[in-house]
Amino acid sequence: MPSNHKQKVLITGASRGIGRATAELLYNNGWQVVAIARDFSDWTDRSSEIEIIQLDLSQTSQLAEQLKAIAKKHPDIDAVICNAGAGRFGALEQFSYRQIEAMLQLNLQQHLFVSRTFLPPMKRLGGGSLIFVGSESALTGGRYGAIYSACKFGLRGFAQSLREECSSSGIRVGIINPGMVKSHFFDTLDFKPGDDPANSIPVTEVAKAIESMLNAGPHTVIDEINLSPLKKVVQKK
């Protein structure tokens, strides 16, 4: 690969929070960035060099064809950051069957679709990185988090399996599991981290951890990173 090659990364859920922080960090450090999200209305100050693609990843009925079109336009993706997702919490019987299905589509199924689309072209290029943004809910189940944890446990198992499956193709697969992050994630929830800065992780710290996974040596894989706030405090709104 030419030394002047500018690496290209695709990031899902890139309009806010961890996704946006990662997109900005990587762009500022020389990456070409292709950003996917459902709504970019909050991202008014982005660089015009960051390509944005408005796409609702939770609508999986047409997602395969939509992703194939993106892959056709960008056959030279070096890394994919699967970050999109949302939280909903409560006792199992508080979820309708449709809400369970929607959670699985957004927090698990679309990650599988994105991976299925972009792994083959990365393999043809001879290598690449696939990083999933999981959650501490992928490590330990918790009260009122059964559906969310089911998605994140599934995503973690998927990442671990792909790690073994793809190594011979030069693809590095890893997952990062943050605890409570100071972001828009809690906007629609009835709880949030405590107000002390030690109660939550800045989005920039998660972005730096993702970058460290990308910057590992070509024959080294950072399989998993678990990040936690110094002091875990949850408060009701």
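The values are calculated or read from the model by the stated rules, or taken from the named source; none is laboratory data. The model shown is predicted, which means the values in this text are computed figures rather than measured ones. In this analysis, Cβ positions are derived from the backbone assuming ideal geometry, glycine residues included, and neighbour counts consider all displayed protein chains.
This table checks each residue for (1) surrounded by fewer than 18 Cβ atoms within 10 Å (Cβ to Cβ); (2) farther than 24 Å from P120 by Cβ; (3) modelled with pLDDT of 90 or more; (4) in contact with a strand residue (DSSP E or B) (Cβ under 6 Å, 6 or more places away or on another chain).
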{"site": "E51", "(1), (2), (3), (4)": "yes, no, yes, yes"}
{"site": "A69", "(1), (2), (3), (4)": "yes, no, yes, no"}
{"site": "K73", "(1), (2), (3), (4)": "yes, no, yes, no"}
{"site": "I77", "(1), (2), (3), (4)": "no, no, yes, yes"}
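Of all residues in segment 76-98, which are touching a residue at least 24 places away in the same chain (Cβ under 8 Å) and either touching a Pro at 6+ places or on another chain (Cβ under 7 Å) or not aliphatic (A, V, I, L, M) (or both)?
Pass one, segment 76-98, residues touching a residue at least 24 places away in the same chain (Cβ under 8 Å): 76-92, 95.
Passing the criteria: D76, I77, D78, C82, N83, G85, G87, R88, F89, G90, F95.
Write out, first by first residue and then by second, each pair whose Cβ atoms fall under 9 Å of each other, whose residues are 6+ apart or on separate chains, and whose first residue, in segment 159-171, is over 13 Å from H219 (Cα atoms) while the second is part of a helix (DSSP H, G or I) and of a type in the set (V, I, T).
Listed by first residue and then by second, the contacts come to nothing, as the list is empty.
Scan segment 187-205 for residues that are within 19 Å of T22 (Cβ to Cβ), of a type in the set (A, V, I, L, M, F, W, C) and without any contact (Cβ under 8 Å) to a residue 60 or more places away in the chain and jot them down.
The one that is within 19 Å of T22 (Cβ to Cβ), of a type in the set (A, V, I, L, M, F, W, C) and without any contact (Cβ under 8 Å) to a residue 60 or more places away in the chain: I201.
Restricted to segment 114-127, and to residues that are over 15 Å from the mean Cα position of the chain (by Cα), part of a helix (DSSP H, G or I) and not charged (D, E, K, R), which residue is surrounded by the fewest Cβ atoms within 10 Å (Cβ to Cβ)?
Per the stated criteria, the residue is P120.
Can you find, within segment 182-204, the residue that is surrounded by the fewest Cβ atoms within 10 Å (Cβ to Cβ) among those that are among the aliphatic types (A, V, I, L, M) and touching a Gly at 6+ places or on another chain (Cβ under 7 Å)?
Among them, the one singled out is L189.
Of the residues E136, E65, E51, E101, which is of a type in the set (D, E) and within 16 Å of the chain's Cα centre (by Cα)?
Details: E65 fails: within 16 Å of the chain's Cα centre (by Cα); E51 fails: within 16 Å of the chain's Cα centre (by Cα); E101 fails: within 16 Å of the chain's Cα centre (by Cα).
After ruling out the rest, the residue left standing is E136.
Which residue out of N83, N107 is in contact with a Cys (Cβ under 7 Å, 6 or more places away or on another chain), at pLDDT 95 or above and not acidic (D, E)?
Details: N83 fails: in contact with a Cys (Cβ under 7 Å, 6 or more places away or on another chain).
Every option except N107 fails the conditions.
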